[in-house]
């Protein structure tokens with residue numbers, strides 16, 4: 001399926017595994033966490049209008065405007081989207097990923113989003129890819145998106161989920177089997193007779209969570225289930241069939257019998273820290289959160305409501321439910337589920353990201369928060385002192401009743417069938433046109449120009465990190481930084497805040513320097529600020545054993561070279577010298593402090609080499625005009 005889609009979109013290069021290709025992007029999405037910078041970057045391209053088929057600017061991460069700067073960002077996003085011809089989804093309308101597959105996704109088309117969970121659209125057969133804001137800005141302007149053609153992992157589903165077992169458990173089982181690195185360099189395609197037993201929202205849960213494997217994208221076939229869902233959305237005309245050819249070749253195949261799955265929980269630390277429910281039943285919890293782009297569908301909310309109807313949640317804990325979209329919110333109102341949840345003692349929160357990224361409902365010191373979200377590493381949820389476990393809405397609802405992790409299979413069976421959906425696009429605004437004045441608050445700061453790469457890089461190792469450092473660790477999400485997304489000089493002060501609070505001040509004092517990482521450096525969010533902030537502080541290069549795909553691209557986009565090497569011989573304080581006048585083959589890194597030489601290399605394509613020489617993607621794009 002992915003090869004079929006790519007073959008219709010490749011504009012540059014040959015569609016061969018491992019080769020770099022430039023593809024045409026049909027749809028683009030931004031959100032208010034990454035979107036302010038993405039739109040500033042689009043504006044710097046000097047174009048009069050967007051050129052992609054559809055661009056939607058969503059407000060979902062800080063929809064309540066927890067600080068005035070966030071409200072300024074929302075007004076900026078609404079006016080700049082309207083000015084350049086993009087649609088705008090207002091605060092309270094819901095989370096970009098759920099909204100896009102509900103209202104806009106089209107099977108067989110491409111979607112590029114400035115958010116790592118953009119592959120959620122694969123639940124409806126659209127090839128969604130997460131990227132940095134610069135890539136999205138270029139694609140919105142009609143430019144190509146470049147990627148290395150991945151291998152394809154086929155996951156064959158058989159059987160049918162048992163009562164109490166959910167699509168989230170399928171995703172957690174995948175993570176348990178292949179880990180948070182197992183999808184790196186792959187597209188994931190789902191096949192097999194078990195596929196037809198899953199609704200589109202259930203499929204979207206799985207494609208959303210497959211992001212946590214490091215996969216470039218994941219996708220389900222577009223079949224009769226997809227057609228029925230599109231019809232309920234009033235978009236039956238958008239449906240097309242999509243399936244792989246018979247005998248299609250795959251690089252790897254994984255088989256999962258849905259009927260044999262049990263409820264699973266990913267305990268704190270990593271999304272692949274997965275345990276059978278029996279291993280963790282009885283673990284005390286302090287919070288339950290049902291919602292997010294992973295499990296915010298009407299189906300998910302309705303299941304939780306049916307499980308809690310006529311009962312009360314444990315008074316020793318707090319429970320919130322946050323639907324993923326206004327559609328789900330209205331459906332809960334119409335069928336009485338909203339009242340049932342409220343009477344059960346649940347706090348109903350408006351559609352949006354909010355608590356998932358730590359804007360409200362932050363877990364206390366040492367508290368365990370059981371959530372239906374997609375990420376649970378340290379610092380996620382707004383505090384490095386809280387702990388997060390991941391589960392399905394069924395596990396969350398069962399656990400909410402007793403204040404401890406509980407097995408939903410031990411409760412009466414709940415059946416939910418969705419045969420219609422309310423469509424209300426009132427909060428999706430059409431563009432007004434070029435006459436729209438762009439309103440900018442004082443916190444919205446233009447990017448500094450990108451400067452060409454010097455012939456020699458010199459400086460000090462400012463920080464050394466271990467394996468699996470996430471973009472949340474590089475630049476925290478949540479209330480510390482969320483209101484500063486459009487002010488790079490200010491947000492840069494929080495770089496590595498949870499790892500080393502003195503890092504930013506030290507980097508400024510030393511006039512920049514180098515970062516040393518371990519394996520899978522930069523995993524997680526597509527947050528390009530995790531590359532922009534080090535760039536703002538004068539970071540000249542990163543040395544690591546391997547990189548997560550999106551963060552690697554974001555580093556290159558800002559002109560920071562992601563070098564590969566054995567980092568064991570590098571330490572904080574080492575003074576380094578590297579001749580980069582020729583970026584080909586192995587380079588020799590001179591460690592002046594230890595009088596040592598170390599071979600380093602890079603895996604940049606020729607286009608990427610030219611990009612870093614120019615200073616980054618924006619400078620490179622300007623040179624191409």
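On the given criteria, is residue 6 closer than 25 Å to residue 482 by Cβ, crowded, with 18+ Cβ neighbours inside 10 Å and at pLDDT 95 or above?
Numbers: closer than 25 Å to residue 482 by Cβ: no; crowded, with 18+ Cβ neighbours inside 10 Å: yes; at pLDDT 95 or above: yes.
The answer is no for residue 6.
Being under 17 Å from residue 120 (Cα atoms) and surrounded by fewer than 24 Cβ atoms within 10 Å (Cβ to Cβ) is true for just one of 221, 163. Which residue is that?
Values: 163 fails: under 17 Å from residue 120 (Cα atoms).
Testing whether each residue is under 17 Å from residue 120 (Cα atoms) and surrounded by fewer than 24 Cβ atoms within 10 Å (Cβ to Cβ) leaves just 221.
Select from segment 397-421 the residues that are at pLDDT below 95, farther than 24 Å from residue 264 by Cβ and buried (at least 16 other Cβ atoms within 10 Å of the Cβ) and list them in ascending order.
none
Is segment 168-179 home to any residue that is under 18 Å from the mean Cα position of the chain (by Cα) and either closer than 30 Å to residue 622 by Cα or in a loop (DSSP other than H, G, I, E, B) (or both)? Reasoning before the result, please.
Of segment 168-179, the ones under 18 Å from the mean Cα position of the chain (by Cα) are 168, 171-172, 174-175, 179.
Within this subset, residues satisfying the condition of being either closer than 30 Å to residue 622 by Cα or in a loop (DSSP other than H, G, I, E, B) (or both) are 179.
Yes, there is a match, as at least one residue in segment 168-179 is under 18 Å from the mean Cα position of the chain (by Cα) and either closer than 30 Å to residue 622 by Cα or in a loop (DSSP other than H, G, I, E, B) (or both).
When you scan segment 178-196, do you find a residue that is more than 19 Å from residue 253 (Cα to Cα) and in contact (Cβ under 8 Å) with a residue 12 or more places away in the chain, even just one? I'd like the intermediate steps shown before the answer.
In the first step, residues of segment 178-196 are kept if they are more than 19 Å from residue 253 (Cα to Cα); the result is none.
There is no residue in segment 178-196 that is more than 19 Å from residue 253 (Cα to Cα) and in contact (Cβ under 8 Å) with a residue 12 or more places away in the chain.
Given the criteria over 25 Å from residue 209 (Cα atoms) and assigned by TED's automatic domain parsing to the domain that holds residue 382, does residue 341 qualify? So that I can check it myself, show each step before the final result.
Details: over 25 Å from residue 209 (Cα atoms): yes; assigned by TED's automatic domain parsing to the domain that holds residue 382: yes.
Considered against the rule, which asks whether it is over 25 Å from residue 209 (Cα atoms) and assigned by TED's automatic domain parsing to the domain that holds residue 382, residue 341 comes out as yes.
Rundown of residues vs (1) buried (at least 18 other Cβ atoms within 10 Å of the Cβ); (2) touching a strand residue (DSSP E or B) at 6+ places or on another chain (Cβ under 7 Å), yes/no style:
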residue: 20; (1), (2): no, yes
residue: 36; (1), (2): yes, no
residue: 46; (1), (2): no, no
residue: 56; (1), (2): yes, yes
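Looking at (1) more than 27 Å from residue 452 (Cα to Cα); (2) out of contact with any strand residue (DSSP E or B) (no Cβ under 7 Å at 6 or more places or on another chain); (3) crowded, with 24+ Cβ neighbours inside 10 Å, which one does residue 478 not meet, given that it meets all the others?
(3)
Name the residues in segment 22-34 that are buried (at least 20 other Cβ atoms within 10 Å of the Cβ) and either without any contact (Cβ under 8 Å) to a residue 12 or more places away in the chain or in a strand (DSSP E or B) (or both), would you?
23, 27, 28, 29, 30, listed by residue number.
For a quick check of your reading: which helices (runs of 4 or more DSSP H) sit entirely within segment 446-524 and have at least 3 residues that are in contact (Cβ under 8 Å) with a residue 12 or more places away in the chain and farther than 24 Å from residue 64 by Cβ? Spell out how you get there, then give the answer.
On the way: elements: 471-474, 488-491, 503-509.
Per the criteria, 503-509.
What strands (runs of 3 or more DSSP E), lying completely within segment 39-144, carry at least 3 residues that are outside the structural domain of residue 490 (by TED's automatic domain parsing), under 30 Å from residue 228 (Cα atoms) and under 20 Å from the mean Cα position of the chain (by Cα)?
Details: elements: 54-58, 87-89, 110-113, 127-130.
Passing ranges, in order: 54-58, 110-113, 127-130.
Do we have residue 331 as touching a residue at least 12 places away in the same chain (Cβ under 8 Å), touching a helix residue (DSSP H, G or I) at 6+ places or on another chain (Cβ under 7 Å) and more than 24 Å from residue 93 (Cβ to Cβ) here? Let's see the steps before the verdict.
Numbers: touching a residue at least 12 places away in the same chain (Cβ under 8 Å): yes; touching a helix residue (DSSP H, G or I) at 6+ places or on another chain (Cβ under 7 Å): yes; more than 24 Å from residue 93 (Cβ to Cβ): no.
No: the conditions fail for residue 331.
Look at residue 339 and say whether it is at pLDDT 95 or above and surrounded by fewer than 22 Cβ atoms within 10 Å (Cβ to Cβ).
For residue 339, the condition - at pLDDT 95 or above and surrounded by fewer than 22 Cβ atoms within 10 Å (Cβ to Cβ) - is met.
Hey, any hits in segment 353-376 for a residue that's assigned to a strand (DSSP E or B), over 27 Å from the mean Cα position of the chain (by Cα) and in contact (Cβ under 8 Å) with a residue 24 or more places away in the chain? Show your work before the answer.
We begin by selecting, within segment 353-376, every residue assigned to a strand (DSSP E or B); these are 368-371.
After this cut, where a residue has to be over 27 Å from the mean Cα position of the chain (by Cα) as well, the list is none.
Within segment 353-376, not a single residue is assigned to a strand (DSSP E or B), over 27 Å from the mean Cα position of the chain (by Cα) and in contact (Cβ under 8 Å) with a residue 24 or more places away in the chain.
Quick test of your reading of the structure: residue 322 fulfils all but one of (1) in contact with a helix residue (DSSP H, G or I) (Cβ under 6 Å, 6 or more places away or on another chain); (2) within 22 Å of residue 212 (Cα to Cα); (3) crowded, with 24+ Cβ neighbours inside 10 Å. Name the failing condition by number.
All conditions are met except number (1).
Answer with yes or no whether residue 292 is within 24 Å of residue 472 (Cβ to Cβ), touching a strand residue (DSSP E or B) at 6+ places or on another chain (Cβ under 8 Å) and surrounded by 20 or more Cβ atoms within 10 Å (Cβ to Cβ). Step through it out loud before you land on a result.
On the way: within 24 Å of residue 472 (Cβ to Cβ): yes; touching a strand residue (DSSP E or B) at 6+ places or on another chain (Cβ under 8 Å): yes; surrounded by 20 or more Cβ atoms within 10 Å (Cβ to Cβ): yes.
The answer is yes for residue 292.
The values are calculated or read from the model by the stated rules, or taken from the named source; none is laboratory data. All figures in this text were calculated on a predicted structure; none of them were measured in a lab. Virtual Cβ from ideal backbone geometry, glycine too; neighbours counted across all protein chains shown.
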